[in-house]
């Protein structure tokens, strides 16, 4: 009888596993076929590191975040201390894990935006430092090993029913000059657009990514470049060349374009409304990043005004995009609960954004992991944010789980631009004792 009972338990367990797998596969198929909208989150700072989100790789080896902003400079500091391989491998192995994909899936998330660097794909050739590149670029001294974890992300996405938008977040020479684009120095300057070799090497990189993941069941689409700055001629030429390169391996899935972050563009400018309009360009999306904490008209001193701006001006901006780009789809690729009003009404603020941004064709919150409060969806889900879109059946604690201390905005070392075009910085949530207590409950 005992053996029979064990067999029955095993059969029940297997049937539950098979049922769950079938459910995840069905959900992924619905996403890929367009039957379900992509709602999800960024996996920021996993492969293109930002110190305000993942400070440990810097602090564990005594590397200054201001002297060594971004992945490349961090790695140079780690290399000088003999800790690069161990620190980077530990970060890749622990910052995002299979448990995170499982938790995202359990919370109804069907979509992630996965920022990667141009160099990771060359691990397939032994690492970018020794690979034979078609175009000479500098620097190339990056640690080998990240690609194996990008592979894991695709495996976990397929397993848990989560589609992946692979986003080239850092290009040779840095397209933004800030830590989220792995700059070659700490001057804040960017060099990607000034050198043809940088742009051509970026085409090579995105082509290799498309070749590696083009037929992967979890690939939803490819974003060609995150938050570019600089010359339009360089950017549009790159987009045309990169589109052609990707389409060789990804014939029909979405290809996503970012308009320039400086000056701040909404894709309703003439250069973008007339761009890639021929019938040979299919399934092209635009990605807008809409924050409320970097200055400009969206940055308000109280939650009522901030929410009103979302419900009026953000609605109008999405309508303007629809009018200007009737043949294009819209991703709100980055947004958050971060603010400068600092009160305890952030859940209503986030709810307003999720309601408005759900009228776009997809959105991804920034980000899943790292920092706290309004930047951390994992923490936010526990506090009650986005319940209606991510998991309407789960009874989260609400409201009041996010205190004003957790919502303070502090500038990081990473320069950003507001919608007015003035220099700002991406903020992060304070590391107060309240924050630490809250984080410990997750």
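Every number in this text was worked out from the coordinates using simple rules, so none of it is lab data. Because the structure is predicted, anything quoted here is derived from the model rather than measured. We place every Cβ from the backbone using ideal geometry, glycine too, and count neighbours over all the protein chains shown.
By how many nm would the segment from residue 79 to residue 135 lengthen if fully extended, with 0.36 nm per residue of separation less the alpha-carbon distance? Walk me through the intermediate numbers first.
On the way: separation 56, 0.36 × 56 = 20.16 nm, distance 2.51 nm.
Stretched out fully, the residue 79 to residue 135 stretch lengthens by 17.6 nm.
Rounded, prolate or oblate: which one fits the range 23-440, using the alpha carbon gyration tensor with axes a ≥ b ≥ c (rounded when a/c is under 1.5, else prolate when a/b beats b/c, else oblate)?
The shape class here is rounded.
Between residue 89 and residue 320, what is the spin-label point distance in nm, taking each point 7 Å from the Cα along the Cα→C-beta axis?
5.1
How far, in nm, would the chain grow between residue 23 and residue 37 when pulled straight, counting 0.36 nm per residue and subtracting the alpha carbon separation?
Values: separation 14, 0.36 × 14 = 5.04 nm, distance 1.66 nm.
Result: 3.4 nm gained on full extension.
Order these peptides, 201-213, 260-272, by their mean beta-carbon neighbour count within 10 angstrom, highest first. List each step's numbers first, then the result.
Details: 201-213: 22.2, 260-272: 17.1.
Per-residue mean Cβ counts within 10 Å order the peptides as 201-213, 260-272.
To the nearest 0.05, what FRET efficiency results for residue 280 and residue 124 with a Förster distance of 30 Å applied to their C-beta separation?
On the way: r = 30 Å, r/R0 = 0.98.
Given R0 = 30 Å and the Cβ-Cβ separation, E is 0.50.
Using r as the Cβ-Cβ distance of residue 304 and residue 103, and R0 as 35 Å, what FRET efficiency do you calculate, to the nearest 0.05? Intermediate results must be reported in sequence, preceding the final value.
Details: r = 33 Å, r/R0 = 0.94.
For residue 304 and residue 103, the calculated efficiency is 0.60.
Hey, rough spin-label estimate for residue 216 and residue 233, points 7 angstrom out along Cα→Cβ, what's it come to in nanometres?
Taking the simple label geometry, residue 216 and residue 233 are separated by 3.7 nm.
Rounded, prolate or oblate: which fits the range 117-189, taking a ≥ b ≥ c as square roots of the Cα gyration tensor eigenvalues, rounded meaning a/c under 1.5, else prolate when a/b beats b/c?
Details: a/c = 2.72, a/b = 1.48, b/c = 1.84.
It comes out oblate by the Cα gyration axes.
List the extent of the Cα atoms of the range 191-247 along each of their three principal axes, largest first, rounded to whole Å.
36, 19, 17
Residues of the range 63-79 with backbone nitrogen within less than 20 Å of a virtual label 7 Å along the Cα-to-Cβ line of residue 189, please, listed as ranges.
66-74, 76
Quote to one decimal, in nm, the extra length available between residue 64 and residue 197 on full extension: 0.36 nm per residue of separation minus the C-alpha distance between them. Present the calculation step by step, with values, prior to reporting the outcome.
Values: separation 133, 0.36 × 133 = 47.88 nm, distance 3.05 nm.
So the chain would gain 44.8 nm between residue 64 and residue 197.
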